[in-house]
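Each remark here refers to the structure printed beneath this line.
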Amino acid sequence: MNRGLNRILLSTMGVVFAALWALPFIYSVWTAFHDEKYSANFQLGAPWTFENFIEAWQSAPFSLYFANTMILITIVLVANLILCTLVAYAFVRYKFRWAGFLFALIMVQLLISPEILIVENYLTLSRVGLTDTIIGIALPYLTSAFGIFLLRQTFLTVPKSLDEAAQIEGAGAWRVLWNVYVPLAWPVYLAYSLVSISFHWNNFLWPLIVTNSPEVRPLTVGLSVFATVDSGVEWSLVNAATLMTTAPLIIAFIIFQRQFVANFMRAGIK
Amino acid sequence: MNNRLSIRLAVIMLVIPCSLLVAFTHYPAIQALINSFWNNSSSRRPSRFSGIENYQALMEDDRLAQILINSTIYALGTIPLAIGLSIGMALLVNSRLPGTTLMRLSFFMPTMLPMIAVANIWLFFYAPGIGLASQILEVFGMPSINFLGRTDTALASMMFVAVWKEAGLFMIFYLAALQSVPTNLKDAAKLEGASALRVFWDVVMPLLRPTTIFVAVNALINAFRLVDHVIVMTEGGPNNSSALLLYYIYEVTFRQRDFAYGATLTVLMVGLLGLLAIVQYWVLNRKAHYQ
């Protein structure tokens, strides 16, 4: 009896806390679907509208920003998957001098990431003439220490006997990688891809520095330009734009919630 | 087993990927150190060697002193709060109470959003006279507060935004750890008559320690490298009260175009992170002896 009451009380407190936690986001969503005059005073019965989204979409080149973000995350993801696989494979399968030292050198990137080295990386980029390009935004992130670490841990668990059996059948280094190591690391590739996509979809400071023209701006930078350009901000428009640019990630999350959480967990434990 | 690495394979597997990494991690760090001993070039004269001039400027920079204090408060305030909240959230979500799906969604949602979207949402929330914060204060008959426009509330308001964004991610890690706590351990403790609180404190908490270390390291690095919300919400103001170190590097370099001082500040940042890494390594090693 007492236990049951406790459970109800705790559950109620939890739900209230969760509701309060989500409140800023929910209110932002609510405002995005209502006329500007309601954003400063909440009324439960106010009429719903889709106008803000249409107006926001038309007042800035969001379709272009979407395309740029897509190109950016594709470049980074493909490069990450290929390059990190190669490095991890070399560390797991081969013995060579300075392997430990080289690995430590790579892991430095976990601590001193490209976000911190914006000053010199910008100078490098302008020296090779790649500022204001999508390639330029992607360049510092193509090889990721996190990805190498994650894949090395996974490749280490691949049984040596499988590798040897493949070699006896005459498979070369690339065949072994493709037919033995990669298939066994599949869940980790999925987990890492999710982390990489959400990181680069969300990245802001570096693209802000590198880009000047709308033709190459990713969504985050485009959103910030839209939200600050006219000083007389219409909050309903800003909220609509904010929601619009993050909607694909939110929808993907709601659909794949369980896998997402499980994969984030897996990525975190390793 | 053939595990000699041929030159051809080494070039493809190691040299190409690693040179990209070195070019944007190690090279810029060293280049920042070199450039910090030179002054800025201009159209009229090239950059010349200036010795420790930049570092003297660093020592005399009152703004920097304020920013280092801000960064310390920011890290010391957000990390324990985020960790405490995320443990609470993980316990709630992991319990078999009704409504956990909704709770998990609510707690994890902010983590999915880009920091720039989070900044917009909270900018609106805090907006004086308009935002929900003001509307709620009004309901209770209190005057509206310009949270981001006052020197005594700006930093705290930013810290809250950071905690809101990060706690959900940390919750996931704790959730994973909680689910791997063996139930027979908890059952044994309960059989001995331990209360739920005792079980949590004496059985579960020690098992969460590796997660806490992992989360704390991550949170610390994030506290240094994520300043998107500062750029969007306050630009470090008012009167420098919400500026953080990386934001200052950004402002000095890309708004004031002072690349030499920007490089000097980068050296300071890398040095601080290196120092923290050494301290962490030392603390963890000492802890490991007791386990």
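Some notes on this structure:
- Scanning the stretch A:205-230 for residues that are crowded, with 17+ Cβ neighbours inside 10 Å and closer than 22 Å to residue A:128 by Cα turns up A:205, A:206, A:207, A:208, A:209, A:210, A:211, A:216, A:217, A:218.
- Residue within the stretch A:52-68 that is assigned to a helix (DSSP H, G or I) and closer than 16 Å to residue A:195 by Cα present: no
- Apart from one condition, residue B:192 fits all of (1) over 29 Å from residue B:41 (Cα atoms); (2) acidic (Asp, Glu); (3) within 11 Å of chain A (Cβ to nearest Cβ); the exception is (3).
- Filtered residue count, the stretch B:109-128, keeping only those that are assigned to a helix (DSSP H, G or I), among the aliphatic types (A, V, I, L, M) and within 7 Å of chain A (Cβ to nearest Cβ): 6
Listed here are the residues, each with its yes/no results for (1) polar (S, T, N, Q); (2) under 30 Å from residue B:138 (Cβ atoms); (3) exposed (fewer than 14 other Cβ atoms within 10 Å of the Cβ); (4) without any contact (Cβ under 8 Å) to a residue 24 or more places away in the chain.
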{"residue": "A:22", "(1), (2), (3), (4)": "no, yes, no, yes"}
{"residue": "A:29", "(1), (2), (3), (4)": "no, yes, no, no"}
{"residue": "A:55", "(1), (2), (3), (4)": "no, yes, no, no"}
{"residue": "A:62", "(1), (2), (3), (4)": "no, no, no, no"}
{"residue": "A:93", "(1), (2), (3), (4)": "no, no, no, no"}
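- Any hit, the stretch B:242-262, residues being more than 7 Å from chain A (Cβ to nearest Cβ), crowded, with 22+ Cβ neighbours inside 10 Å, modelled with pLDDT under 90 and closer than 19 Å to residue B:78 by Cβ: no
- Screening B:99, B:131, B:77 for residues that are among the small types (Gly, Ala, Ser) and at positive phi leaves exactly one candidate, B:99.
- Test: residue in the stretch A:104-121 that is away from chain B (no Cβ under 12 Å), part of a helix (DSSP H, G or I) and surrounded by 16 or more Cβ atoms within 10 Å (Cβ to Cβ): no
- For residue B:112, the conditions (1) within 15 Å of residue A:246 (Cβ to Cβ); (2) buried (at least 24 other Cβ atoms within 10 Å of the Cβ); (3) among the aliphatic types (A, V, I, L, M) are fulfilled apart from (2).
- Of all the residues in the stretch B:2-38, those that are at the interface with chain A (Cβ under 7 Å from one of its Cβ atoms) and either aromatic (Phe, Trp, Tyr) or touching an Asp or Glu at 6+ places or on another chain (Cβ under 6 Å) (or both) number 4.
- Residues located in the stretch B:140-164, provided they are touching a residue at least 24 places away in the same chain (Cβ under 8 Å) and of a type in the set (Gly, Ala, Ser): B:149, B:154, B:156, B:157, B:162
- When the criteria are applied in full, residue B:132 meets the requirement of being closer than 25 Å to residue A:15 by Cβ and either crowded, with 16+ Cβ neighbours inside 10 Å or not aromatic (Phe, Trp, Tyr) (or both).
Every residue, every condition in (1) touching a helix residue (DSSP H, G or I) at 6+ places or on another chain (Cβ under 6 Å); (2) away from chain B (no Cβ under 14 Å); (3) over 30 Å from residue A:219 (Cα atoms); (4) among the small types (Gly, Ala, Ser), yes or no:
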site	(1), (2), (3), (4)
A:10	no, no, yes, no
A:20	no, no, no, no
A:27	yes, no, no, no
A:39	yes, no, no, yes
A:50	no, yes, no, no
A:76	yes, no, no, no
A:79	no, no, no, yes
A:93	no, no, yes, no
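The values are calculated or read from the model by the stated rules, or taken from the named source; none is laboratory data. Worth saying up front: this structure is predicted, and the values here are computed from it rather than measured. All Cβ positions, glycine included, derive from the backbone under ideal geometry; neighbour counts span all protein chains shown.
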